[in-house]
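Heads up: the structure comes next, in C-alpha cells.
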Amino acid sequence: MPLAIAALCLGVAVVGGCSLGGEISDARTIDAAPVRVHGVIDRVEPVKGGKTYWVSYRFGGRRFTTANLPLGSGAGPTDPTTGSAVCLEASGEHPGTVRLCGQRYPGGDDLIPTEGLIVLAGVVGVLMAAGWILKIRDTGRDARSVAAR
C-alpha cells in the first residue's frame, strides 16, 4: 500500500512539474520576441466551475485558435462574450504560443502558484510514503530480531 501511494504521489509531482515547466518555457518563448495581436472570442462554453473561451487571432497571414485562456482576469471585458476583442501577446518565433496582454504566463498568473503547490504536495507525499515504508521495514526487522532471541 505505501508503495502505491508513493507511486501516485510521484506521478502527481512529475505531471505538475511538467506542466509548470511548460508554462515557464512558453512564457520565456513569448518574452524572447513578443508581438501584440488582437484576438476575437469565437466561442464561449460553460464548463463546471466557469467557462471555456475559444479565441482566434491572425499572425503572419495565418489564423490561430486557442482555448482556455484565463479571460475575465485582466482580459478587458468583465464578462467576455462571443465577438469580444482581446489583446494577446504571441511569440514572434512560435505564433501558436500566446498569452493575454499584461499576463506573464500563458495559462494565467494564478496557475503558477497552483502548479507549484501541486508539485510540493506530490513531493511531500513521496517523502511521507518513503518514511512509512522505512518504518514498516524497521518494524519487521525488530520483530524478527525479537523472535530470534
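For the stretch 74-89, the criterion of being outside any loop (DSSP other than H, G, I, E, B), surrounded by 15 or more Cβ atoms within 10 Å (Cβ to Cβ), modelled with pLDDT of 80 or more and in contact with an Asp or Glu (Cβ under 8 Å, 6 or more places away or on another chain) is satisfied by no residue at all.
Restricting attention to the stretch 78-101, the residues that are without any contact (Cβ under 8 Å) to a residue 40 or more places away in the chain, within 16 Å of Ala32 (Cβ to Cβ) and out of contact with any strand residue (DSSP E or B) (no Cβ under 9 Å at 6 or more places or on another chain) total 0.
When each of Arg104, Arg62 is tested for being within 26 Å of Ala33 (Cβ to Cβ), surrounded by fewer than 16 Cβ atoms within 10 Å (Cβ to Cβ), touching a helix residue (DSSP H, G or I) at 6+ places or on another chain (Cβ under 9 Å) and not acidic (Asp, Glu), the lone residue that passes is Arg104.
Pairs linking a residue in the stretch 28-53 that is aromatic (Phe, Trp, Tyr) to a residue that is surrounded by 11 or more Cβ atoms within 10 Å (Cβ to Cβ), with Cβ atoms under 6 Å and 6 or more positions apart or on different chains, are Tyr53/Ile41; Tyr53/Val44; Tyr53/Leu69; Tyr53/Leu71. Taken over the stretch 110-119, the criterion of being touching a residue at least 24 places away in the same chain (Cβ under 8 Å) and open to solvent by 50 Å² or more (accessible area, probe 1.4 Å) is satisfied by Asp110, Leu111, Ile118. Going by the conditions given, is Gly140 modelled with pLDDT under 90 and in a loop (DSSP other than H, G, I, E, B)? Judged against the criteria, Gly140 is not a match.
Please determine whether any residue of the stretch 7-14 is assigned to a helix (DSSP H, G or I), without any contact (Cβ under 8 Å) to a residue 40 or more places away in the chain and either acidic (Asp, Glu) or open to solvent by 60 Å² or more (accessible area, probe 1.4 Å) (or both). Within the stretch 7-14, one or more residues are assigned to a helix (DSSP H, G or I), without any contact (Cβ under 8 Å) to a residue 40 or more places away in the chain and either acidic (Asp, Glu) or open to solvent by 60 Å² or more (accessible area, probe 1.4 Å) (or both). Taken as a whole, the condition of being in a strand (DSSP E or B), open to solvent by less than 30 Å² (accessible area, probe 1.4 Å) and either at pLDDT below 90 or under 24 Å from Gly16 (Cβ atoms) (or both) does not apply to Tyr57.
The values are calculated or read from the model by the stated rules, or taken from the named source; none is laboratory data. Keep in mind that what you see is a predicted model, and the values were worked out from it rather than measured. Cβ coordinates were reconstructed from backbone atoms using ideal geometry, including for glycine residues, and neighbour counts include every protein chain displayed. We work out accessible area using only protein heavy atoms, side chains counted, and drop any ligands, DNA or RNA first. Shrake-Rupley method; radii C 1.70, N 1.55, O 1.52, S 1.80 Å.
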